[in-house]
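Data first, discussion second: the structure below is written as structure tokens.
Here, each number is a calculation from the coordinates, and none is a lab measurement. Quantities reported herein were computed from a predicted structural model and do not represent experimental measurements. Counting neighbours? That spans all protein chains shown, and the Cβs are built from the backbone with ideal geometry, glycine included.
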Amino acid sequence: MKKLQKNSLNDAYIRPEQLCVGLYIHLDLGWTKHPFSFASFKIEKPEQISTIKGLGLKRIRYSPIKSDCEPASDVPSANDDSLTSPSDAPMAQKTQTQAPGQTEPVSAAQASLDAITHSASAPVNEEKRAMMERMNKQGEKILACEREFLAAARALKSMWQNMFADPLGVSEQATEMVDGMAESAMMEAEIAIHLMIDSKNGSDMYTHALNVAILSMILAKEMGFSIEEIKLIGLGAVFHDVGCTDIPRRIKEKNEPLTPAEAEIMHRHCKNGIDICNRLQLPYEALLIVWQHHERTDGSGYPARLRDKQISPLASIVAVADAFDEICNPINKSLAHTPHEALSLIYAQQRTKFDARTLTALVHSLGVYPPGTIVLLSNGVIGMVVAVNAKRPLKPTVLIYDADIPKDEVMLIDLDQDASVTVTKTVAPHQLAPEILDYLAPGKRASYYFRPVETV
């Protein structure tokens, strides 16, 4: 299958004088070098044409199939090679003899190197200024979520390390942390779920526990559970795998399938967890989560091979969140799936193992485009979903791929605020060109956090 690239072979070049309303154009400039919200867009008013001409470009790339009309009829002479289309450029270089002083045709990807007649950044219009302000605010929200997540992960690590020395103190700390999360989630009518890639929290074990707790509480809120039940779910979830601390690392971190003997040892972590959590004096409902989070509705789970209603409703929620995070973030990183792929995998291969109502809540909470999904936008731009709001599932926040913007200064677009752009389709990571895949890095560890949605 053809890898998705930045430019299309169906595009062509025109002179600035040929611009007209209805053309879909691509400005081969860095985002800071032009005043428009996006480098690819359809010209809708004459004022845009004047602005484009003011950029000093010798030629402009446009997409015939996305345009409503043909370019204006200022056609160059037959021997003028300056408007060679991207698809014809390689052939032109092979068949034409370059005259002295003649400019050699270049590809569309190189257009910004030879088409710009000035080096200064273009002035920013009000529309783009407002967009930049929204991007800055969105970035601040993402950073705030990351700070809260990392603080919670560090606190959880400290709790796990002090469980035997101060069990009641740890129980009190965990209850306080989970209660704060639950109350924050329940106070808001809408919450946005944020994706944090490869969070630097120091250990996958604590990250997994926190991921499962956060996602479980989100699912419980979606399913209409009370705040007290959500707190119990969170408390059981942060300790659901605490029994793994007694499992040898060679088993719990093994990349290959476990042998029957190793699987039997691994299954003991549920019983180990109960023993530890009894010392913490956790509520009975939280203990059931620790004991039953690997049970499955079809009776194929462990440790007691329970079925359907035999499984605690709270444990059923944590079971779904646990399985989902294991698919996204397995021990063997080469087997990691994006959240979009994980949802598809659970429904295709495991839906009979989980509570149907909980699976429906998972899909609804993560949206049509779960965080981590690669998408192609209507303006031809490729990006990765980093935040979703279940109330507006078709309007996620997207991290944009732009080779001209450093990876540590990423461009974030909230489609709920920029109505002119929509998601065209999802894209599998293997369809991406290597440079785009490296930029977006969808396969790295995914962690979730949530924040209140501001009303406009």
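For labels at Glu47 and Arg268 in the simple 7 Å Cα→Cβ model, what's the distance in nm?
Between Glu47 and Arg268, the simple spin-label model gives 7.4 nm.
Going through the range 309-399, which trypsin sites (Lys or Arg not before Pro) have at most 14 other Cβ atoms within 10 Å and a DSSP loop state? Mind showing how you got there, number by number?
On the way: sites: Lys309, Lys333, Arg351, Lys353, Arg357, Lys391; in loops: Lys391.
Passing both the DSSP loop test and the Cβ count: Lys391.
With each pseudo-label sitting 7 Å past Cα toward Cβ, what's the Arg279-Asp438 distance in nm, one decimal?
4.7 nm
Go through the range 17-29 residue by residue and turn each phi into a ³J(HN,Hα) via Karplus (6.51, -1.76, 1.60, θ = phi - 60°); whole Hz please, and just put x for glycine and proline.
The phi angles translate into 5, 8, 5, 7, 4, x, 7, 9, 10, 10, 8, 7, 9 Hz.
What does a probe at Arg392 reach in the range 423-441, counting residues whose amide N is under 16 Å from the point 7 Å along Cα→Cβ?
Counting backbone N atoms under 16 Å from the label point, the list is 423.
What length, rounded to one decimal in nm, is gained on full extension from Ser344 through to Leu376, with 0.36 nm per residue of separation minus their alpha-carbon distance? Write out the running numbers ahead of the final one.
Details: separation 32, 0.36 × 32 = 11.52 nm, distance 1.88 nm.
Going from the current span to full extension adds 9.6 nm.
Tell me which residues come under 5 Å, amide H to amide H, from Ser40 once H is placed; ignore anything under 5 positions away on its chain.
When sequence neighbours closer than 5 places are left aside, the close amide H contacts are Leu27.
With the crude spin-label approximation of a point 7 Å out along Cα→Cβ, what separation in nm comes out for Thr422 versus Ser226?
4.3 nm
Go ahead and run the numbers for FRET between Ala403 and Lys309, Cβ-Cβ distance against an R0 of 60 Å, rounding to 0.05.
Values: r = 54 Å, r/R0 = 0.90.
Computed FRET efficiency for Ala403 and Lys309: 0.65.
Taking 51 Å as R0, compute the FRET efficiency from the Cβ-Cβ separation of Asn136 and Arg250 and round it to 0.05. Don't skip to the end; give the middle numbers.
Working: r = 47 Å, r/R0 = 0.92.
It comes to 0.60.
Would you kindly state how much longer the chain becomes between Asn10 and Ala261 on full extension, computed as 0.36 nm times their sequence separation minus their alpha carbon distance, in nm to one decimal? All intermediate terms of the calculation are to be shown ahead of the outcome.
Details: separation 251, 0.36 × 251 = 90.36 nm, distance 5.87 nm.
Full-extension gain reported as 84.5 nm.
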